[in-house]
Amino acid sequence: MKRGFPKNMRHNLYRILPMLFMTPSIVLGVFTMYYHNVSSSIWLQNLAGLIMVSIFSYFILSHHKLPKTNSSIVILLSILLLTLTFIHSGTGNVHRYLSIGIISLNIGSIVLPILLIELEKIVRLKNWWLIVLLTLGVITILFFQPDASKVTAFSIAALFFLSKHVMKKIQYVVLSLPVLMSILSWFFLDELPPVDYVEGILSMTWEMGIVLFILAVLSLIVLPLPFFLFKTRINQSISISLGIYFSIVLLSTIFGNFPVPLLGYGISPIIGYTIAITWLIKNSELKKTIHEE
């Protein structure tokens with residue numbers, strides 16, 4: 001970042017880094033849906049989502065200081081939103097969505113990255129039992145939605161940083177229950193039929209040719225990479241946890257009918273990923289390097 005680029009160019013690159021990682025998957029997915037004559041009301045939502053989150057991310061990264069958030073309030077609101085998915089009967093006993101007009105939001109896809117970030121913040125307060133109960137509460141909600149992909153992804157991601165901080169005498173509880181629920185969740189998969197442009201989007205790219213399929217796969221592989229590349233000494237634990245979370249969400253699409261984030265239809269994964277990667281870039285050494293020059 002220091003050599004070869006003027007400072008203004010480095011500033012601009014810093015501000016659009018999240019877009020650089022997100023755009024390939026979303027654009028390839030939109031093109032795939034368009035090619036297969038999927039209704040424009042579907043793929044336009046992804047395109048509009050990309051534009052909106054890009055503006056949001058650019059705004060956040062353009063400001064040196066932002067108001068601090070209260071982690072306890074953010075965590076409670078996130079859990080409340082997850083719980084509200086049970087208000088309606090759901091589709092096929094699946095409770096993952098809240099509807100806002102014509103848009104159905106997969107709440108877990110939005111709030112789980114936020115919960116990981118905020119839980120890691122308060123884990124240093126050493127109120128072990130509260131942290132463990134909150135984590136297990138989130139996993140239990142996901143289990144009954146049911147969502148095996150997110151149960152597994154959130155459990156393993158949370159365990160990564162919890163096992164580093166939680167007292168030895170309760171580590172067995174912390175480790176065993178999420179692992180057990182993750183395993184059990186795969187025996188209670190929902191019976192909803194897959195949707196081509198959601199869960200089957202990679203198959204649609206395959207039908208368009210090997211080149212596009214490879215590009216689509218590569219665009220997905222790129223998504224978790226910044227969380228491993230841009231970590232710092234201070235935020236290393238949570239950065240890797242987020243990388244683990246997104247990696248498992250992506251890998252789970254191979255083993256079940258789970259939505260393919262960003263490439264497939266769905267604005268919720270776009271929002272959740274944007275929040276996580278914007279937080280990462282905002283707290284990375286890139287910011288410090290640029291502003292110290």
Item to complete: Taking residue 210 as meeting all but one of (1) open to solvent by less than 80 Å² (accessible area, probe 1.4 Å); (2) at pLDDT 85 or above, write down the number of the exception.
Response: (1)
Worksheet item: Counting only residues that are among the small types (Gly, Ala, Ser) and either loosely packed, with under 12 Cβ neighbours inside 10 Å or more than 25 Å from residue 263 (Cα to Cα) (or both), how many does the range 49-77 have?
Response: 3
Item to complete: Output the residues belonging to the range 222-266 that are open to solvent by 20 Å² or more (accessible area, probe 1.4 Å), among the β-branched types (Val, Ile, Thr), more than 22 Å from residue 159 (Cα to Cα) and touching a residue at least 24 places away in the same chain (Cβ under 8 Å).
Response: 222
Worksheet item: Of the residues in the range 188-226, how many are within 22 Å of residue 44 (Cβ to Cβ), of a type in the set (A, V, I, L, M) and assigned to a helix (DSSP H, G or I)?
Response: 7
Fill in: Residue tally, condition touching a residue at least 60 places away in the same chain (Cβ under 8 Å) and among the β-branched types (Val, Ile, Thr), over the range 31-78
5
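The values are calculated or read from the model by the stated rules, or taken from the named source; none is laboratory data. Keep in mind it's a predicted model, so treat the numbers as computed, not measured. Cβ coordinates were reconstructed from backbone atoms using ideal geometry, including for glycine residues, and neighbour counts include every protein chain displayed. Only protein heavy atoms, including side chains, enter the accessible area calculation; ligands, DNA and RNA are left aside. Shrake-Rupley method; radii C 1.70, N 1.55, O 1.52, S 1.80 Å.
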